[in-house]
Amino acid sequence: MTPKTTSLIELPTDLDCTQLPQHVAVIMDGNGRWAKQRGFPRMMGHKRGAQTLKDLLRCCKDWGISALTVYAFSTENWGRSMEEVDFLMTLFENLFQVELAEMVSEQVKLEVVGNLVNLTPSLYNAIDRAKNATQHNQGVRFTVAINYGGRQEIVRACQAIATQVQEGLIKASDIDENLLAQHLDTAALPDPDLLIRTSGEMRISNFLLWQLAYAEIYVTDTLWPDFDRRAFHHALLNYQQRHRRFGKA
Ligand code: FPP
């Protein structure tokens, strides 16, 4: 009989369930190259990438990983062709609408971080509806970064804190790491334990600059649309071989 773990629905037996990252962050890179390798338009890579993301979210649920944060659109991505930007925005909007019922039934708690004011009203509304509908869910905390930049997020946090100082609500000496973290978009989340970047680039690319301070970084050459359960399994095995020292001896 084939062991159940072969299908990777359950946590693979070579992973220690007590040493799993609680929060995994992902830079989903390589959609364009995946499409190009197959002679498809870039948009096909993004469509396929969205399916990969859905599978990973389900995998997090199956394997007991409580938070997943993904970089879907950076502040720099506005520099892509108008056709690609429009496609991505429409893809996000459709996904937030089409997948909402399943997110609700699967108990996914959706959060979207980044500067959402520049998004189209229809995408903004789709995000708002999906966030509201899932806010009391108790399952995987799924955070999508859209129009997100780590530096911009830190600047926004500093501006909010400076306003409080100006209004006399707090003193400058009250500002510490904890207060700053509370003003980031991710205030409600623990810092990621593991950052995965696909397609081989060795960069953080302005993603969660503050929050990734002590994350383990795993880079794979696998292109995002090909990052399946087996690839995630490999990343987690690699993570479990690390000795996290948090700067100590
Ligand atoms: C990077 O690949 C990928 C993106 C900029 C878009 C990622 C978006 C998705 C996977 C859809 C997710 C949907 C939701 C709702 C979160 P690239 O285009 O930079 O690839 P390349 O480096 O090979 O050109």
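Each reported figure results from applying straightforward, stated rules to the coordinates on display, with no laboratory input. Predicted model, so just to flag it, every value in this text is computed and none were measured. Reconstructed Cβ throughout: ideal geometry from the backbone, glycine too, with neighbour counts over all protein chains shown.
Worth a mention:
- When the GluC sites (Glu not before Pro) in the range 136-227 are filtered for DSSP coil states and for at most 12 other beta-carbon atoms within 10 Å of their beta-carbon, the remaining sites are Glu167.
- Our coupling estimate for the range 164-170, obtained by passing each phi through the Karplus curve with A = 6.51, B = -1.76, C = 1.60 and θ = phi - 60°, is 5, 5, 4, 7, x, 6, 9 Hz, Gly and Pro reported as x.
- Residue-averaged 222 nm ellipticity for the chain, from DSSP H runs of 4+ at -39500 (n - 2.57), nearest 500: -13000 deg cm²/dmol
- Built amide H within the under 5 Å cut-off of Val26, gap 5+: Thr69, Val70, Tyr71, Ile196
- Here's how it looks for Leu208: its modeled amide H is under 5 Å from those of Gly150, which are all 5 or more places away or on a different chain.
- The trypsin sites (Lys or Arg not before Pro) of the range 134-187 that meet both conditions, a loop assignment by DSSP and at most 10 other Cβ atoms within 10 Å of the site Cβ, are Lys171.
- Per-pair calculated FRET efficiency, R0 = 51 Å: Ala188 and His234 via Cβ, rounded to 0.05: 0.95
- For Glu111, the residues 5 or more places off, or on other chains, whose built amide H falls under 5 Å of its own are Phe142, Thr143, Val144.
- Summing +1 for each Lys or Arg and -1 for each Asp or Glu among the other residues whose beta-carbon sits under 11 angstrom from that of Pro121 gives -2.
- Per-residue extension of 0.36 nm, minus the Cα-Cα distance of Lys47 and Thr13, leaves a gain of 9.1 nm for this segment.
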